[in-house]
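The values are calculated or read from the model by the stated rules, or taken from the named source; none is laboratory data. In this text, all values refer to a predicted model and were calculated from it rather than measured experimentally. Positions of Cβ are generated from backbone atoms using ideal geometry, with glycine treated the same way; all protein chains shown enter the neighbour counts. We work out accessible area using only protein heavy atoms, side chains counted, and drop any ligands, DNA or RNA first. Shrake-Rupley method; radii C 1.70, N 1.55, O 1.52, S 1.80 Å.
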Amino acid sequence: MEEKRRFRYTLCFVSLLIGMFILLVANVMVGSARLSIPQVLSILFTKTGDNAAIIWKVRMPRLLAAAILGGALSVSGFLLQTFFANPIAGPFVLGISSSAKLVVALTMIWTLSRGVAVGSVVLIAAAFVGAMLSMGAVLLVSNRLHSMALLIVCGVMIGYICSAVTDIVVTFASDSNIVNLHNWSLGSFSGKDWGDVTVLTIVVFLGLAGAFLLSKPMGAYQLGESYARSMGVNVKRFRVELILLTGVLSACVTAFAGPISFVGIAVPHLSRRLFNTSRPIVMIPACFLGGAVFCLLCDLIARTLFAPTELSISSVTAVFGVPVVIWMLLHRQGRSDRG
Amino acid sequence: MKEPILFAEHLDVGYKGEIVIGDIRLEAVPGQILTLIGPNGAGKSTILKTITRQLDPIGGVITLEGKDLKTLKERDIARSVAAVLTGRPTPELMTCWDVVSSGRYPYTGRLGILSQHDREKTEEAMALVRVESLRERDFNQISDGQRQRVLLARAICQEPRVLIMDEPTSFLDIKHKLDFLTLLRELVHSKDLAVILSLHELDLAQRYADRILCVRDGRVDRIGTPEEVFSEGYIEELYGVERGSFDALFGNVETEAVTGDPLVFVIGGGGSGIPVYRRLQRQRIPFAAGVIHEGDLDYPVAKALSARLVTQDAYGPIGLAALREAEEIMLRCRAVLCPQTRFGPMNEGNLRLRELAAERGLLTEPDQLEELLKR
């Protein structure tokens with residue numbers, strides 16, 4: 001039985017890696033300048049050629065950002081689902097992305113108005129503050145109301161308020177740089193340079209390593225808080241660690257790519273079905289790879305479907321993510337009826 | 001008696017600094033089951049939650065093998081104390097094997113990867129609780145009875161010396177209640193476990209517990225063996241029972257008697273009258289019963305349900321005084337039922353009652369009773 005499981009895990013991981021590889025290659029090749037595989041290879045290895053700049057300065061940072069941030073987003077969704085024991089929890093529906101967005105927007109406008117350019121680390125910090133604020137609000141609500149549905153409604157409300165305030169702020173900020181801010185506030189992987197990629201890679205992989213180290217107590221926590229405690233989990237510390245990690249991961253995504261919807265719910269769900277398990281030690285890498293594949297695909301569609309016009313990444317992720325979420329809700333409903 | 005492994009003294013438990021039960025003293029002894037009983041909301045769960053550290057004690061100490069629980073590491077406590085809690089965990093996509101193996105938590109390394117030894121312990125626990133056949137089943141899709149066994153296997157897999165269970169038999173049907181507790185008894189003996197559990201079923205508590213702790217009105221009211229605790233009338237007092245009674249010897253529950261002048265007289269004995277008494281009680285018909293020997297099978301039920309009862313001391317034939325009293329009551333009734341069919345020297349008086357009833361045309365078949373009383 002254990003062999004059968006291992007086989008399944010291996011098969012799924014290999015498929016995801018192959019999928020990711022294909023999408024990485026496709027993302028390099030496809031775009032306003034279409035390149036063949038030999039061209040791509042020669043540019044990758046020699047860093048010279050007609051389109052070297054496009055590949056090295058535009059496409060490569062962008063696809064790496066899409067893959068890594070997509071992975072981070074779905075892992076943070078998985079962590080939130082474990083924390084709230086609620087399969088439709090995620091950084092977007094709980095308002096975490098939106099409030100991170102608001103604080104980042106305020107920070108950018110405030111610094112731009114003073115003529116200071118801020119680094120990506122400051123933006124991540126701002127996003128982290130925003131994420132923690134809404135997380136705090138959601139936790140307050142969840143302590144008072146023990147209803148999963150109300151928790152989500154509350155998160156969605158927080159999200160709307162934050163988005164509304166962001167829109168107002170962005171509308172009245174008159175600086176020309178705000179154009180970028182506007183694009184970012186809709187969600188996009190574009191405009192990343194290697195510096196950004198380096199920072200986000202470091203932050204995300206630190207966050208992932210932390211999450212991976214928490215996979216043991218997370219597994220116990222899936223049986224409920226009281227069982228976790230009876231098995232020796234220091235529940236208070238674990239909850240704080242989990243919240244901080246979720247905050248870091250979703251803050252990093254928001255700081256670089258703006259709010260991206262439904263990846264955090266749809267990908268963990270699909271991964272659970274694919275691997276047929278919810279064991280964190282498998283699910284954390286699985287969600288990361290799944291999120292990377294999902295976002296590479298969505299970004300490819302976002303920039304090529306109506307080229308040269310680019311779609312916001314959230315529109316594409318929503319189109320693919322929402323049916324998955326609805327299917328999941330229907331499926332769960334059926335199960336609880338039978339049970 | 002063996003040394004207790006878990007011991008609590010002057011323990012105050014409650015929520016947010018408010019004491020629900022104070023000054024508790026309890027001990028869990030290897031090879032014994034300590035059962036907590038008491039009315040709903042008395043705080044049985046509060047005590048168990050405090051022992052399993054879901055709640056902090058407000059006062060007093062709990063010691064595990066002589067050491068204060070507060071000074072011990074989580075992992076070390078978890079290696080000695082396991083729990084089966086109320087509420088059904090609903091983990092997603094976990095097989096029963098996954099749930100049982102999670103009991104290895106305090107033994108595995110940083111990432112929780114199971115060693116060969118952990119796998120063997122998991123198999124062993126599943127075999128002990130006889131849930132091997134559920135290995136591959138989704139934990140969310142098994143029955144309540146199976147779930148409790150799997151959760152028990154999970155706790156056993158933790159290799160505890162103390163096992164704490166909060167109402168483990170609620171929601172189980174009678175077969176699964178008996179199966180579960182019998183299994184627990186076996187485990188207590190084979191593994192020398194110290195068990196603390198709470199039960200709602202008094203009859204089961206009486207049969208499966210080695211010691212019983214009664215909780216009521218913010219204190220531990222009584223503690224002792226079932227024989228000491230289940231004294232006549234105590235259970236009614238503990239639970240504040242007003243409309244019914246509890247037979248302390250047999251663990252039977254009876255409803256309250258229908259009072260008023262008896263309309264029906266029942267000549268019973270030897271258990272023959274019990275279904276008749278219960279039926280008359282259900283139909284709200286006040287009745288008298290006699291002559292019943294004290295210690296007869298009929299006696300406790302007749303005593304609980306009849307409006308009037310004529311008795312005779314055990315082991316003697318029915319005397320004249322009892323017979324006169326019974327005759328007097330019987331002749332004022334509108335019908336007489338006689339479920340008793342066997343007569344001998346000891347209950348010859350009852351045969352005379354029956355003959356008298358027949359003579360007066362009072363003797364009635366049970367199915368004619370309703371019609372007769374309507375007139």
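Cα centroid separation, segment A:189-206 to segment B:2-68: 53 Å. Residues considered: A:THR246, A:THR309, A:THR277. Largest GNM mean-square fluctuation over chain A, using C-alpha springs under 10 Å, is found at A:THR309. Taken one residue at a time, the phi angles of segment A:9-17 give Karplus couplings (6.51, -1.76, 1.60, θ = phi - 60°) of 4, 4, 4, 5, 4, 4, 4, 4, 5 Hz. Gly and Pro are set to x. About its Cα centre, the dipole of chain B is roughly 740 debye, where the only charges are +1 on Lys and Arg Cβ and -1 on Asp and Glu Cβ.
By accessible area, using a 1.4 Å probe on protein heavy atoms only, segment B:225-375 has 50% of its surface on carbon and sulfur.
If R0 is taken as 22 Å, the Cβ-Cβ distance between B:ARG25 and B:HIS200 corresponds to a FRET efficiency of 0.40. Of the beta bridges in the protein assembly as shown, as assigned by DSSP with both residues counted there, near 45 percent are antiparallel. The ellipsoid that matches the Cα gyration tensor of segment A:161-300 has semi-axes, each √(5λ) in whole angstrom, of 33, 18, 14, with the longest given first.
Computed 3J(HN,Hα) for segment A:124-135, one whole-Hz value per residue from the Karplus formula 6.51 cos²θ - 1.76 cosθ + 1.60 where θ = phi - 60°, is 4, 4, 4, 4, 5, 4, x, 4, 5, 4, 6, 4, glycine and proline marked x. The Rg/Rh ratio of segment B:257-374, with Rg taken over Cα atoms and Rh as the Kirkwood radius over Cα pairs, comes to 0.92. Between chain A and chain B, the total buried accessible area stands at approximately 3000 Å², from heavy atoms with a 1.4 Å probe. For B:VAL291, nonlocal amide neighbours, meaning residues 5 or more places apart or on other chains whose placed amide H falls under 5 Å from its own, are B:GLY268.
DSSP finds beta bridges in chain B, and of those with both partners inside it, around 45 percent are antiparallel. Projecting the Cα atoms of A:SER98, A:GLN81, B:ILE196 onto the charge dipole of the protein assembly as shown, computed from C-beta unit charges around the Cα centre, puts A:SER98 farthest toward the positive end.
Seen from all directions on average, segment A:1-103 presents a Cα convex hull projection of 10.2 nm². Mind checking the log10 I(q)/I(0) for segment B:6-239 at q = 0.07, 0.09 Å⁻¹? Debye, one equal scatterer per Cα, no solvent, two decimals. The Debye formula, applied to the Cα set alone, gives -0.22, -0.37. With 0.36 nm allotted per residue and the present C-alpha distance subtracted, the A:THR46-A:LEU186 stretch has 46.8 nm of extension available. Once both labels are positioned 7 Å from their Cα atoms along Cα-to-Cβ, the gap between A:SER32 and A:LEU330 label points is 4.1 nm. Spin-label pair B:GLU242-A:ARG5: with each label point 7 Å from Cα along the Cα-Cβ axis, the two points sit 5.5 nm from one another. Note on chain B: with a GNM built from Cα contacts shorter than 10 Å, the maximum mean-square fluctuation among B:CYS214, B:CYS157, B:CYS333 falls on B:CYS333.
Of the residues in segment B:107-144, those shielded by at least 20 Å² of accessible area once partner protein chains are present, compared with the chain alone at a 1.4 Å probe, are B:ARG110, B:LEU111, B:ARG119, B:GLU136, B:ASN140, B:GLN141. 3J(HN,Hα) along segment B:47-63: 4, 5, 5, 6, 5, 8, 6, 7, 10, 7, x, 7, x, x, 10, 10, 10 Hz, from the Karplus curve 6.51 cos²θ - 1.76 cosθ + 1.60 with θ = phi - 60°, whole Hz, x for Gly and Pro. For segment A:215-241, a reduction of at least 30 Å² in accessible area between the chain on its own and the assembled protein chains (probe 1.4 Å) is found at A:LYS216, A:GLN222, A:LEU223, A:SER226, A:TYR227, A:ARG229, A:SER230, A:MET231, A:GLY232.
Computed from point charges on the beta carbon alone (+1 for Lys and Arg, -1 for Asp and Glu), the dipole magnitude for segment B:202-326 about its Cα centre is near 440 Debye. State the percent of C-alpha pairs, over all pairs in the protein assembly as shown, separated by a distance greater than 49 angstrom. Taking all Cα-Cα pairs of the protein assembly as shown, the fraction more than 49 Å apart is 38 percent. Interface burial in segment B:45-68, defined as at least 30 Å² less accessible area with all protein chains than with the chain alone at a 1.4 Å probe, covers B:ARG53, B:GLN54. Put simply, the amide H of B:CYS338, placed in the peptide plane, has neighbours under 5 Å in B:ILE267, B:THR364, leaving out anything fewer than 5 places away on its chain. The relative contact order of chain A, computed from alpha carbon pairs under 8 Å that lie at least 6 residues apart in sequence, is 30 percent.
On the basis of the beta-carbon distance and an R0 of 41 Å, B:ALA314 and B:THR182 show a calculated FRET efficiency of 0.75. Each part reduced to its alpha carbon centroid, segment B:265-282 and segment A:38-98 end up 80 Å apart.
What a 1.4 Å probe finds exposed on segment A:2-338 is 70% carbon and sulfur by accessible area, rounded to a whole percent.
Between B:GLY59 and B:ASP12, the built amide H atoms are under 5 Å apart, and every one of these is 5 or more places off in sequence or on another chain.
Using a 1.4 angstrom probe on heavy atoms only, work out the carbon and sulfur share of the accessible area of segment B:1-149 in %. Percent of accessible area from carbon and sulfur atoms in segment B:1-149: 49. For chain A, the alpha carbon convex hull comes to 149 Å³ per residue, rounded to a whole number. Taking B:SER102, B:SER133, B:SER245 in turn, the Gaussian network model of chain B (Cα-Cα springs below 10 Å) assigns the largest fluctuation to B:SER133.
Computed over protein heavy atoms with a 1.4 Å probe, the accessible surface of the protein assembly as shown works out to 45 Å² per residue.
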